[in-house]
Amino acid sequence: MLSPSQSITLGSLLSPWMATSDWQEKWREHSVVNMTIDSRQIEADDLFVAVNGHAVDGRGFIPAAINAGATAVLAEADNIAKHGDIVEQDGIVIIYFQQLNQYLSAIANRFYAQPDTRLKLLAVTGTNGKTTISQLLAQWANLIGYNAGVMGTTGNGLLNSLTPAVNTTGNAIEIPHVLHDLVDQGADFAAMEISSHGLVQGRVKALQFVASIFTNLSRDHLDYHGDMANYADAKKCLFTEHQAGIPVINADDDIGFTWLADLPHAVAVVTDKARLGEHYQGQALWLTDVMYSTQGVNISFDSSWGAGQFTAPLVGSFNVSNLLLALATLLALGHSIDKLIATAPHLTAVIGRMEVFQSPDKPMVVVDYAHTPDALEKALQALRVHCQGKLWCIFGCGGDRDTGKRPMMAEISERLADRIIITDDNPRTEAPAAIVSDMLQGLALPQQAQVIHDRKLACTYAIEHAQVNDIILLAGKGHEDYQVLADRTIHYSDRETVQALFGEIA
Ligand SMILES: CC(=O)N[C@H]1[C@@H](OP(=O)(O)OP(=O)(O)OC[C@H]2O[C@@H](n3ccc(=O)[nH]c3=O)[C@H](O)[C@@H]2O)O[C@H](CO)[C@@H](O)[C@@H]1O[C@H](C)C(=O)N[C@@H](C)C(=O)N[C@H](CCC(=O)O)C(=O)O
Ligand SMILES: Nc1ncnc2c1ncn2[C@@H]1O[C@H](COP(=O)(O)OP(=O)(O)OP(=O)(O)O)[C@@H](O)[C@H]1O
Ligand SMILES: N[C@H](CCC[C@H](N)C(=O)O)C(=O)O
Ligand SMILES: [Mg+2]
């Protein structure tokens, strides 16, 4: 539960955008103590914000919000002529605001007293790696003396006490509210994940970031963005239409590389310096050597801030990219290279991201959140290096999400794994059999893949049938502790399943 903010008058809150001095005094001086966008979460003295959404028009819930105790309403205006109109309904004021969705971030940020400027706020965007990098940044920040928070897929809050959240990037009101609470709890650093949905919906429009990181772009969310060009534009607008601070760009990624030309102050991060060309003038950090072991990675790098070498207990080549991006960002923000190198061995793997589970006489199991073709490919490639026996891949595809990635992920599993078990992953409103059928289209030899819809049974089968030197990748659910079915959400966790099968928990 978020704490209430200090109260603020409607006149003061909205004065940057409308002539509140013309209002009746009773409305101008009317105080509100919280903002909420959902009528179902209204509490006494809240300001209800009614926007027109993708599925329903929030203005239809104004009566419900008033019934629930809203003390005032800020509602989307249909056109510019109606901007600033005031209507009284059941003794409650409704103020109309044009393009409310696009301004909501600024209004809410003002409401919560600009918390983005009261700590160092960092943004991480890209298809894969956002959670990992934001948490690595927060861990590293803590190790060098900050009190760091995060916001993202695994929840919001101080790094070690996260509150689960509905979205990876919260709504335009929730974000400054969480930041306000973080500042109250003494946070002086926060790294947040910014999804492409969050960017196009203006959820972070008004925030001031000290640095923004781009991880990579690969297929995902085409159900929402239509095509890859739109998806790329959505990500790019963090750097061109937001207060991004220092851009830190993964230039190994083809899209990231092309953006460098438009971002002269960017820090480019690459695994091969030659990729930047002789004439590259900007700041950069590049890999000079890397060694992998089951204990993690040993990285040597050079950069505009000097050269160095460090170890970190993370698995997979993509985590080298994640570590370099986090390091480059902290260096660009002025932190000491020596301190960062000295603290790197204390970084830890992020929950549900290439998380390794081992038990005597049992195959190694890796729980990972790969739910895109690129992530699945990278996760399998990373594990192949360590696998003496057969590599198993257990995965499904989410319902009500981009259907095009289903056969692609199946094709990747067939190419890179030795044994495939297709299972369920949040079927949501779709029939699990239909999702599996889409996935099977991608296999040359579908008869060789097993389909076990029940995820726990799929894991049990693999652990019972795999040899001790096999590796089992359990992909797609990572930290999730639920399975979303058509009519209900049930408790389910891959991590708990493995721990139970290994006899670690009852
Ligand atoms: C399609 C989409 O992105 N929808 C997002 C959008 O909702 P919306 O404004 O369109 O909502 P709507 O359901 O049409 O309702 C309109 C308004 O009526 C209000 N309402 C509705 C019902 C009611 O009883 N009372 C009420 O007041 C709603 O609060 C809303 O303000 O804005 C909301 C607030 O920001 C988001 O929570 C919501 O995310 C939904 C839940 C969602 O599933 N989004 C996914 C696709 C998403 O955003 N994913 C990305 C991450 C993807 C990744 O991993 O990369 C994310 O950032 O989470
Ligand atoms: N830099 C990377 N490049 C490619 N794949 C990655 C990278 N980092 C992580 N992955 C893979 O993607 C999965 C998800 O990683 P992570 O949760 O950090 O990404 P995310 O961008 O936060 O995802 P989401 O969009 O679901 O929030 C990991 O479990 C791993 O398989
Ligand atoms: N944030 C992503 C996560 C997907 C995770 C996977 N378990 C699934 O449900 O598809 C999404 O909502 O598309
Ligand atoms: Mg994430």
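The values are calculated or read from the model by the stated rules, or taken from the named source; none is laboratory data. Treat the numbers as computed from the prediction; the structure is a model and nothing was measured. Every residue, glycine among them, receives a Cβ derived from its backbone with ideal geometry; neighbour counts consider all protein chains shown. Ligands, DNA and RNA are excluded from the accessible area calculation, which covers all protein heavy atoms including side chains. Shrake-Rupley method; radii C 1.70, N 1.55, O 1.52, S 1.80 Å.
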Derived scalar couplings ³J(HN,Hα) [the range 444-451; Karplus, 6.51 cos²θ - 1.76 cosθ + 1.60; whole Hz; x for Gly, Pro]: 6, 10, x, 5, 8, 8, 9, 10
Rg/Rh ratio calculated on Cα atoms of the range 355-502 (Kirkwood radius): 0.93
Modelled label reach - His197, point 7 Å along Cα→Cβ, the range 215-250 residues with backbone N closer than 14 Å: 220-226
Given charges at beta-carbon only (K, R positive; D, E negative), |dipole| of the range 236-370 in Debye: 240
The chain, accessible surface, carbon-and-sulfur percent (1.4 angstrom probe): 49
Relative frequency of Cα-Cα separations exceeding 44 Å in the chain, percent: 19
Fraction of antiparallel bridges per DSSP, the range 112-346 only, in percent to nearest 5: 40
Set Lys82/Lys120; Lys235/Lys378; Lys273/Lys477; Lys236/Lys273; Lys236/Lys456 screened for pairs whose C-alpha atoms are more than 31 Å apart: Lys82/Lys120; Lys273/Lys477; Lys236/Lys456
Förster radius 51 Å - calculated FRET efficiency between Asp454 and Asp227 (Cβ-Cβ, nearest 0.05): 0.90
Solvent accessible area, Å² - Thr288, 1.4 Å probe, full protein context: 80
Virtual spin-label span in nm between Asp481 and Ser359, 7 Å along Cα→Cβ: 1.9
FRET efficiency estimate (nearest 0.05) - Cβ-Cβ, Val166 to Ala77, R0 45 angstrom: 0.95
Karplus-derived HN-Hα couplings along the range 301-317 (A = 6.51, B = -1.76, C = 1.60, θ = phi - 60°), whole Hz, x at Gly and Pro: 9, 9, 6, 5, 10, x, 9, x, 8, 8, 10, 8, x, 10, 9, x, 5
Computed E for Asp418/Glu43 - FRET, C-beta separation, R0 60 angstrom, nearest 0.05: 0.65
Mean separation of Cα contacts under 8 Å, 6 or more apart, over the residue count of the chain: relative contact order %: 10
For Met192, residues with placed amide H under 5 Å, excluding near neighbours: Leu122, Ala123, Val124, Met151
Amide H contacts under 5 Å for Ile8, placed H, 5+ residues apart: Val32
DSSP-defined beta bridges in the chain - what % are antiparallel, rounded to 5: 35
Accessible surface, the range 355-502, averaged per residue in Å² (probe 1.4 Å): 42
Cα-centred dipole magnitude for the chain, charges only on beta-carbon of K, R (+1) and D, E (-1), debye, nearest 20: 660
Dipole of the chain, positive direction: furthest Cα of His177, Ala68, Val51, with charges on the beta-carbon: His177
Of Ser321, Phe395, Val150, farthest towards positive along the dipole that unit charges on Lys, Arg, Asp, Glu beta carbons give the chain: Ser321
Under 5 Å, built H, 5+ apart or other chain: amide partners of Gln99: Ala77
Cα pair distances of the range 112-346 binned at 5 Å [whole percent]: 1, 7, 15, 19, 21, 17, 12, 6, 2, 0
Phi to ³J(HN,Hα) by Karplus 6.51 cos²θ - 1.76 cosθ + 1.60 over the range 353-365, Hz, x for Gly, Pro: 10, 6, 8, 8, 10, 9, 8, x, 6, 10, x, 6, 10
Projected area, mean over directions - the range 243-379, Cα convex hull, nm²: 9.6
For the range 36-75: accessible area per residue (Å², 1.4 Å): 46
Dipole-positive endmost among Ala417, Met35, His479 within the chain (Cβ charges, Cα centre): Ala417
Antiparallel DSSP beta bridges within the range 8-98, as percent of all bridges there, nearest 5: 35
